[in-house]
């Protein structure tokens, strides 16, 4: 969390929604992820706990990518506007637990 002009932002401002959404051509489960800035400010530097995240389908690295062991970065660390939603699909045998670790404003 970082203080900016007397206001704060919190990891709670970023909500992650995830659900099963079908299968790949080789019957690997697909999951849809929507990440939404529900706060009152634009944020950046959003880091997400993502375990050993990997996907059998390609995800745009400018949207979501693993940065370090157990840490993924959203929008390459760039700005996420108030109310903005980022969405992507990944495929893996089991879903990953995704949790916001850090956010800056």
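The values are calculated or read from the model by the stated rules, or taken from the named source; none is laboratory data. Note that this is a predicted model, so its numbers are computed, not measured. With ideal geometry, Cβ positions are generated from the backbone for all residues, glycine too; neighbour counts draw on all protein chains shown.
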Filter the stretch 22-34 down to the residues that are surrounded by fewer than 13 Cβ atoms within 10 Å (Cβ to Cβ) and on the phi < 0 side of the Ramachandran plot, then identify the one that is modelled with the highest pLDDT.
23
Enumerated strands (runs of 3 or more DSSP E) restricted to the stretch 27-105, each holding at least 3 residues that are more than 13 Å from residue 15 (Cα to Cα), within 12 Å of the chain's Cα centre (by Cα) and free of Cβ contacts under 8 Å to residues at least 40 places away in the same chain
64-68, 70-74
